[in-house]
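Notes follow the structure.
The values are calculated or read from the model by the stated rules, or taken from the named source; none is laboratory data. Source: prediction; values computed, not measured. Every residue, glycine among them, receives a Cβ derived from its backbone with ideal geometry; neighbour counts consider all protein chains shown. These area figures cover heavy atoms from the full protein model, side chains too; ligands, DNA and RNA do not enter into them. Shrake-Rupley method; radii C 1.70, N 1.55, O 1.52, S 1.80 Å.
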Amino acid sequence: MSFDTNMRFKFSILAIALQTIVIILFGVFVRYSTEDHSTSHNATLKDDTFINLYPFFQDVHVMIFVGFGFLMTFLKRYGFSSVGINLLIAAFGLQWGTLMQGLWHLHDGKIEIGIKSMINADFSTATVLISFGAVLGKTSPVQMLIMAVIEIFVFACNEHLVVSILNATDVGASMTIHTFGAYFGLAVSAVLYRPGLKKGHDNEGSVYHSDLFAMIGTLFLWMFWPSFNSAIANPGAEQEMAVINTYFSLAACVLTAYAFSSLLDHKGKFDMVHIQNATLAGGVAVGTCADMNIGPFGAMIIGFIAGIISTVGFKFLTPILASKLRIQDTCGVHNLHGLPGTLGGIAGVIATALGAAKPEYTPFGQGAAMAATTGMAVVGGVITGFILKLSFWGQPPDQSCYDDTVYWEVPLEEEEHDNHYQGEHGKIKMEA
């Protein structure tokens, strides 16, 4: 049986089985929220009612399905997979995340669904999409569904540990989403290391229009990030601070990302990889203390530093990870999510020590949450990597990596164009 045929049956059976299991579990455990929504008068008295939080949910939803999806379309022959598998993972992940997070917050043995649980379900999905970026182009849809199942379970356990046991605050999830997702994905990538890709791959690069599509994802993420960091903040002053702090952190981050992109290029030019990613690092880094009284200038300092470390990471750390640590980070999630997420955790410790957070939060709790999150991400990612490495699941061979034609019907004219280009390119190289 061929590789393609194996994947045809394995994926279809797995997808149908997972959706069937989820439907059964929803039927047994899930119900609508029992909060009082009986009168419009009651709705006006609360700032966290369904209708008031729905715009935040919409913004987060756009980030998940459009922002993350298009951000990963930079690979010249992997656009269908970047957007398409992103949709696949997100659609399954929000259902599975509802169950995994809801099990920690049962009401009379039931998981109650409301606007906050929907937002949190999207957050759990974001974790997997971040990890997806580390293995982009080197895994199959089957492997990605299996990774989503395991990672969301571990994510929900870690989130419960951070919030309920260690009593840490992380409203914009610098630690629980970004740091966790990055190091989970990097650990998986390390286990799935491919020696055949050590010197790169013909398709592991961008072209003009693919980078332009990726920039669309960047702009959606950049615009809606204040909603991401403030969606589950306490209504009122804290939610307003979360929006304002994120707004200014992102703005400051853009300037430093552009500055260092030019500074690190020997011709002083901007690198589109830096602009697509490092400009978002301010939103990641300010997440933990977004709702704290750090002042707009404090948020700008965080964004300023985030833009620097993210750009420097893309320039220098990514090659080191690949050559020394055998971690092939396709999208550079370490630089956009890992490093800024760690910065966010550190900023949370400092802000708490300076009294910017509520008195119930302590520097020890914040530091312990950061350490626990990183540890669980790495251990969970390593275990998941070995599970995904089992030959039973199937994965694309080295020569078929970063190529949509392995899993997608690609328009004929596109294939002919690529074959013609490769033929002409090869002819030119031979003549040279």
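At-a-glance table
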| quantity | calculated |
| --- | --- |
| Segment residue 113-residue 199, length gained on full extension (0.36 nm per residue, minus Cα span) | 26.1 nm |
| Residue 16 - accessible surface, heavy atoms, 1.4 Å probe, Å² rounded to 10 | 110 |
| Extension gain (nm, one decimal) between residue 293 and residue 58, 0.36 nm per residue minus Cα-Cα | 82.0 nm |
| Accessible surface, 1.4 Å probe, highest first, among residues 243, 254, 286 | 243, 254, 286 |
| Accessible area per residue in Å² at 1.4 Å probe, computed on the chain | 45 |
| Against the rule of thumb 2.2 N^0.38 Å, how large the Cα Rg of the range 182-311 comes out | 1.22 |
| Residue of 398, 265, 122 that the Gaussian network model of the chain assigns the largest fluctuation, springs spanning Cα pairs under 10 Å | 265 |
| Dimensionless Rg ratio for the range 42-192, taking C-alpha atoms and the 2.2 N^0.38 Å reference | 1.08 |
| Of every Cα-Cα pair in the range 171-217, the percent that sits beyond 13 Å | 72 |
| Pair residue 32, residue 238: separation of 7 Å Cα→Cβ label points (nm) | 2.8 |
| HN-Hα J in Hz across the range 279-286 - Karplus 6.51, -1.76, 1.60, θ = phi - 60°, x for Gly and Pro | 5, 9, 4, x, x, 5, 5, 7 |
| Cα long-axis angle, helix 50-62 against the chain (0 to 90 degrees, to the nearest 10) | 20 |
| Positive-pole candidate from 149, 369, 102, dipole of the chain, charges at beta carbon | 369 |
| Rule-of-thumb Rg ratio for the chain [Cα; 2.2 N^0.38 Å; N residues] | 0.98 |
| Residue with peak Gaussian network fluctuation, the chain [Cα springs, cutoff 10 Å], from 276, 366, 58 | 58 |
| Top of 358, 116, 315 by mean-square fluctuation, Gaussian network on the chain, Cα under 10 Å | 358 |
| 202, 271, 404, 59, reordered so the largest accessible area comes first (probe 1.4 Å) | 202, 271, 59, 404 |
| Computed accessible area, residue 110, all protein chains, 1.4 angstrom probe, square angstrom | 60 |
| Cα-projected label distance for residue 219 with residue 266, points at 7 Å along beta-carbon direction, nm | 3.3 |
| Whole-number Å³ per residue for the convex hull built on Cα positions in the range 91-160 | 80 |
| Theoretical ellipticity at 222 nm over the chain - DSSP helices of four or more residues, -39500 (n - 2.57) apiece, nearest 500 | -21000 deg cm²/dmol |
| Sorted largest first, extent of the range 104-243 alpha carbons per principal axis (Å) | 52, 33, 25 |
| Longest DSSP-loop-exposure-free segment, GluC sites (Glu not before Pro), the chain, at most 16 other Cβ within 10 Å | 36-359 |
| Percent carbon-and-sulfur accessible area, the chain, ignoring ligands, DNA and RNA, probe 1.4 Å | 67 |
| With all protein chains modelled, accessible area of residue 150 [1.4 Å, Å²] | 40 |
| Amide proton proximity set for residue 30, modelled H, under 5 Å, gap of 5+ | 111 |
| Contour minus Cα-Cα distance for residue 320 and residue 19 (0.36 nm per residue) | 104.4 nm |
| At 1.306 mPa s and 10 °C, Stokes D of the range 309-417 from Kirkwood alpha-carbon radius, µm² per second | 90 |
